[in-house]
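Here's the structure we're looking at; comments come further down.
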Protein chains: 2
Amino acid sequence: MKTWNRPYRNEANAQAPADLLITHCRLVNVLSGEIEEDTDIAICGSQIVGVGHGYHAQRTIDAAGRYVYPGLIDAHIHLESTKLTIPQACRLMARFGTSAVITDPHEIGNVAALDGLAYQMDSAADNGYINVFFVAPSCVPTLTDMSIESAPSALDPDKLRMIAEHEDVVGLGEVMNVPGILLGIPEVIEKIEDYRSRGLVVDGHAPLVSGPALNACIYMGVQSDHESTHLEEAREKLRRGMFVMIREGSSEKNLDELISLVNPHNARRLMFASDDLDPTDMIGRGHINHLVKRAVAAGVDPICALQMATLNPATYFGIGDRLGAIFAGAQADIVIAPDLVEFSPDIVIHEGRVVFDGNLLPAGSPKSIHLRPTMNVRLPALAELAVTAEPGRDARVIDLVPGQILTRQSFIAPLIADGLMLADPSRDIAKVCVFERHRGSGSFGIAFVRGFGIQKGAIGSSVGHDSHNMVVVGTNDADMMRCAEIIRDMGGGQAAVLGQESRTLPLPVAGLMSDKPAEQVIEDEVRLDEFCAKILGVTLSRPMAALSFMALPVIPELRITDQGLFHIAPGGYPQKVGIF
Amino acid sequence: MKTWNRPYRNEANAQAPADLLITHCRLVNVLSGEIEEDTDIAICGSQIVGVGHGYHAQRTIDAAGRYVYPGLIDAHIHLESTKLTIPQACRLMARFGTSAVITDPHEIGNVAALDGLAYQMDSAADNGYINVFFVAPSCVPTLTDMSIESAPSALDPDKLRMIAEHEDVVGLGEVMNVPGILLGIPEVIEKIEDYRSRGLVVDGHAPLVSGPALNACIYMGVQSDHESTHLEEAREKLRRGMFVMIREGSSEKNLDELISLVNPHNARRLMFASDDLDPTDMIGRGHINHLVKRAVAAGVDPICALQMATLNPATYFGIGDRLGAIFAGAQADIVIAPDLVEFSPDIVIHEGRVVFDGNLLPAGSPKSIHLRPTMNVRLPALAELAVTAEPGRDARVIDLVPGQILTRQSFIAPLIADGLMLADPSRDIAKVCVFERHRGSGSFGIAFVRGFGIQKGAIGSSVGHDSHNMVVVGTNDADMMRCAEIIRDMGGGQAAVLGQESRTLPLPVAGLMSDKPAEQVIEDEVRLDEFCAKILGVTLSRPMAALSFMALPVIPELRITDQGLFHIAPGGYPQKVGIF
């Protein structure tokens, strides 16, 4: 954690002029829970030194009666999911009034272990737009059993201790290994104990976990959760002591279901998170300001909603001494907006500097940080993708749940030809393959999935939570294989293929991120999505996001990894199952 | 700070029976902000392991539908002001549902420095009734200038660093040296920086301070205040970022004035404190439960009021990992009460043990902890107490403010006889003397005070915040001198005298505390108060409490020390003034 940094300044006592005075603020005071009319904010360097009246300064910004609130905070995001390098992602988020994010770099942690973390941390430092805080990836690999999936990296308790020493690390990231907690697996417990003993937070990840199992997670030290998909699930977590993050990502949308949980008595225990957010979604809808807007539209008091996006995460993550509210000594992260309906900023100030006033400041010159290539995939022969049918038996398929990353297990009568089970676009059944892509082991798994709406061709991605093996969904083996080859040959990325036609989004940085400016990544992503929708007939919006969660074996109910098909009960270990 | 202590327990996951199950709780859930009907609480040893259903246990307590809430927390108390040793004070408070206090041992810190702190800390440890947390006395002496008052001890930044290492220390106690903050006096700044850098809290003490001076205190790291006596004063502190403690002590009563500040949007930033509380008041009205009751009677939602007495201080002081709410992993500090009106417990559980069920558990055998005697007073000759009048000039008198420790400065026409200014009971004017009592220096100060209602005789005390010189108020010099001699000869304490008659409350422990059981101290205190009221005609209730604040030179507006009479502006240094 960063050390205390408030040099004595007689400007705070108005004995000398401040650097900057923001005048005529209609201050949304998240501390006193009220809107203060006509207040001034005095700033020296990157810090607020006074609020109220009696200050003067060398330079003035007139808020002219507009609303002024603290910079917003995303309580849980994997910045890798923006597909952007951190400076590019931060530049994009800043325009929406975001001043800080807590990121769990477990995508790159899985792919490239400590090298990956160092890459992200170095990229984040002093980016000028947003304070990036880190929670250490608790579950790399996701589960410790390699017969469930091939994982490229491991962050053991010793490595976690090293990570905890970094000044931007505020906690341990989502502990997904719930069965490990329940059974008291020493390595899992040791990581939690170490972080709690240091006074750092421990985030959780307990989809559908309830009752004594939920209590046991809390008892062992898990403090928050962002995986609630049902109102009563979130209510129980809140009652039992968890901080609840309401999440709205590109493929995980829980705000509508959960927002009625919020009331002024409990709002302090609630926050907003985006978890995984495509850049196209972000530019289109906004970032945390979008959740605040939706919450207010759903009836939450605007002050409450802003507390959930500012004071609450700052307090929870132990960074409230400098973030999350407007007070003397806080970092000068300030948003000026015309209303409390759209939460669309006119001006955004970060560390005392205007970073958005209708235009974004240009990005600074990129740092020279490099990461070794990570794609090492040995693809099987085309014939090996064939699935032999078992006559008379139904096939187990993965059912997508619209707007969620949960899946359901369904049984259907398979489409059979020449003794093989085939994809059946007429019933929206596609084939899905996961190819190990880090060590060239050649291992792969095959299953069937319903819900993409894909009518022809194939789509694929080297982003495949959390081990980031390559995931390909398609209607025929040839297009699927070609899709996998394209992704391999471009050194990681996302692709959509139909015969000789294809669209791609190269992600050369660990197979997760582009090295290009945000604008170009968004353009490529839009072209890719359009190809999926118009040429391949994909009906799911943001199909690449859904695709990337097919292989995550800690979220119920049915998942495919490079080791095969697995059934997952809430809080339970994955159980290997067959298609038939 | 205490380290993390949650050994793996399969009882948390209901895989084995717990030790104790509290069934049929009407749980006041301060986390989710609601009352949960019919919930169980499972306890193992001193810890809660689960809440909800699905648990079984070896032993059961049936709450039978009564209200169940977390043990209460006093956010700021000087336990020395109970005049009891800590185990006795804790035993008394436990019956009211208090489970933890944050005490600032600055009374004994002033008298006996580190020896005094060690005495209190050793006395507090494992007392079996209440968790006693300490904030380190920031201002020993109160101010650094010995021409303002003679102070017996000094706790410099090096000593403060030692104190911070103690596992029960959660912060730096009320920083009263506001002028020191405003001027950036290095020693004052260094103490604050050290504690904030460690992640410990820094409590403030800023009566009537506002505007840029208030911002400057907050900027430099002061986080809370318990000295607000006016609603708008408290509102400004809350708005600018301070946590506000609503205080109700024996002579500092602010709840009625401040309680309308509370609303659900800001309640999280508010707490309750008793600061200085006589044992007679405590037994008569209760402890923090009395403030909760009064708040609810004033219209505050009971859940809000209980949050202010539980979750809020636990969160603020960084002890929320184990206190302040009922959740798996928390210490089993639980109150069972029949209603949310009186907040009068039927059963109090501390660390999993029933400490009150209509009867208090007997006190454990006292520890053998000793402190050297501290009374070393050289009294002046009787004639030296005479005050020469200045004909034609009004006299400056200290006016008590009923129910507050603030004083006002007034000017009156003196009663003169033989060229001397005399006390004038007909106008409620008494003489007040402060005698240095630690080093036998013989220094003393004299002034006049209005508001005790004393008609004859004298009252005195070796408790005299914060340097604890001896304070005597009376109508004539002979009784005053005799009162001082009695206090000196009994090695510290409080006395009321009329001619040869007297009543005393001996306080041999540092001149601040009795070594007797609570019941006997209360009996002595009642006798003393009765003597004051019935024999001396004192009209002020709890006159000894008011007496003890006459010499505190950091609270406006007029104070008397052994160095004379001082005028104090809000946030300003004391300025020496004459009676005439």
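The values are calculated or read from the model by the stated rules, or taken from the named source; none is laboratory data. Quantities reported herein were computed from a predicted structural model and do not represent experimental measurements. Using ideal geometry, Cβ is built from the backbone for each residue, glycine included, and neighbour counts are taken over all protein chains shown. Each accessible area value is taken on the protein alone, full model and side chains, heavy atoms only, with ligands, DNA and RNA left out. Shrake-Rupley method; radii C 1.70, N 1.55, O 1.52, S 1.80 Å.
Here are a few things to note about the model shown:
- Condition broken by A:Glu149, with the remaining ones in (1) crowded, with 24+ Cβ neighbours inside 10 Å; (2) within 14 Å of chain B (Cβ to nearest Cβ) satisfied: (2)
- Scanning segment B:286-310 for residues that are within 12 Å of another protein chain (Cβ to nearest Cβ) and open to solvent by 10 Å² or more (accessible area, probe 1.4 Å) gives B:Val300, B:Asp301, B:Pro302, B:Ile303.
- Note on segment B:31-44: residues that are more than 9 Å from chain A (Cβ to nearest Cβ) and crowded, with 16+ Cβ neighbours inside 10 Å amount to 5.
- Restricting attention to segment A:125-143, the residues that are modelled with pLDDT under 95 and touching an Asp or Glu at 6+ places or on another chain (Cβ under 7 Å) add up to 1.
- Some residue of segment B:12-19 being in a strand (DSSP E or B) and either open to solvent by less than 30 Å² (accessible area, probe 1.4 Å) or more than 10 Å from chain A (Cβ to nearest Cβ) (or both): yes
- Residues in segment A:434-448 that are of a type in the set (A, V, I, L, M), buried (at least 24 other Cβ atoms within 10 Å of the Cβ) and either more than 17 Å from A:Gly492 (Cβ to Cβ) or free of Cβ contacts under 8 Å to residues at least 24 places away in the same chain (or both): A:Ala447 alone.
- Close Cβ contacts (under 7 Å, 6 or more residues apart or on different chains) running from residues in segment A:52-74 that are within 14 Å of chain B (Cβ to nearest Cβ) and at positive phi to residues that are open to solvent by less than 30 Å² (accessible area, probe 1.4 Å) and small (Gly, Ala, Ser) comprise A:Gly52/B:Gly211; A:Gly54/A:Ala14; A:Gly54/B:Gly211.
- Of all residues in segment A:422-439, those that are within 29 Å of the chain's Cα centre (by Cα), closer than 18 Å to A:Gly537 by Cα and part of a strand (DSSP E or B) total 4.
- Residue in segment A:1-9 that is open to solvent by 10 Å² or more (accessible area, probe 1.4 Å) and more than 36 Å from the chain's Cα centre (by Cα) present: yes
- Restricted to segment A:54-117, the set of strands (runs of 3 or more DSSP E) holding at least 1 residues that are surrounded by 24 or more Cβ atoms within 10 Å (Cβ to Cβ) and in contact with a strand residue (DSSP E or B) (Cβ under 7 Å, 6 or more places away or on another chain) comprises A:67-70, A:72-77, A:98-103.
- All strands (runs of 3 or more DSSP E) inside segment B:469-580 with 1 or more residues being charged (D, E, K, R) and either open to solvent by 10 Å² or more (accessible area, probe 1.4 Å) or on the phi > 0 side of the Ramachandran plot (or both): B:501-506, B:575-577
- For the condition surrounded by 15 or more Cβ atoms within 10 Å (Cβ to Cβ), free of Cβ contacts under 8 Å to residues at least 60 places away in the same chain, in contact with a strand residue (DSSP E or B) (Cβ under 8 Å, 6 or more places away or on another chain) and on the phi < 0 side of the Ramachandran plot, B:Ile429 qualifies.
- Taking each residue of segment A:325-351 that is surrounded by fewer than 19 Cβ atoms within 10 Å (Cβ to Cβ) and looking for partners that are part of a strand (DSSP E or B) with beta-carbon atoms closer than 8 Å, six or more apart or interchain, yields A:Pro338/A:Tyr67; A:Asp339/A:Tyr67; A:Ser344/A:Ala337; A:Asp346/A:Ile336; A:Asp346/A:Ala337.
- Some residue of segment B:109-118 being under 26 Å from B:Ile303 (Cα atoms) and touching a Gly at 6+ places or on another chain (Cβ under 9 Å): no
- Elements of type strands (runs of 3 or more DSSP E) in segment B:338-418, at least 2 residues being among the polar types (S, T, N, Q): B:407-412
- Check on B:Leu155, more than 10 Å from chain A (Cβ to nearest Cβ) and either open to solvent by less than 10 Å² (accessible area, probe 1.4 Å) or in a helix (DSSP H, G or I) (or both): yes
- Comparison of B:Gly419, B:Gly392, B:Gly352, B:Gly442 shows that the only residue that is of a type outside the set (Asp, Glu), closer than 30 Å to A:Gly221 by Cα and over 25 Å from the mean Cα position of the chain (by Cα) is B:Gly352.
- Those residues of segment A:366-391 which are open to solvent by 90 Å² or more (accessible area, probe 1.4 Å) and closer than 23 Å to A:Phe580 by Cα, in sequence order: A:Glu384, A:Thr388, A:Pro391
- Any hit, segment B:311-324, residues being touching a Ser or Thr at 6+ places or on another chain (Cβ under 8 Å), within 14 Å of chain A (Cβ to nearest Cβ) and buried (at least 24 other Cβ atoms within 10 Å of the Cβ): yes
- Failed item, numbered, when B:Arg408 is tested on (1) more than 28 Å from the chain's Cα centre (by Cα); (2) within 28 Å of B:His230 (Cβ to Cβ); (3) of a type in the set (D, E, K, R): (1)
- Flag for B:Ile189 being among the β-branched types (Val, Ile, Thr), out of contact with any Gly (no Cβ under 9 Å at 6 or more places or on another chain) and over 25 Å from A:Leu21 (Cα atoms): no
- Identity of the residue in segment A:158-173, part of a loop (DSSP other than H, G, I, E, B) and open to solvent by 70 Å² or more (accessible area, probe 1.4 Å), that ends up farthest from A:His76 (Cα to Cα): A:Glu165
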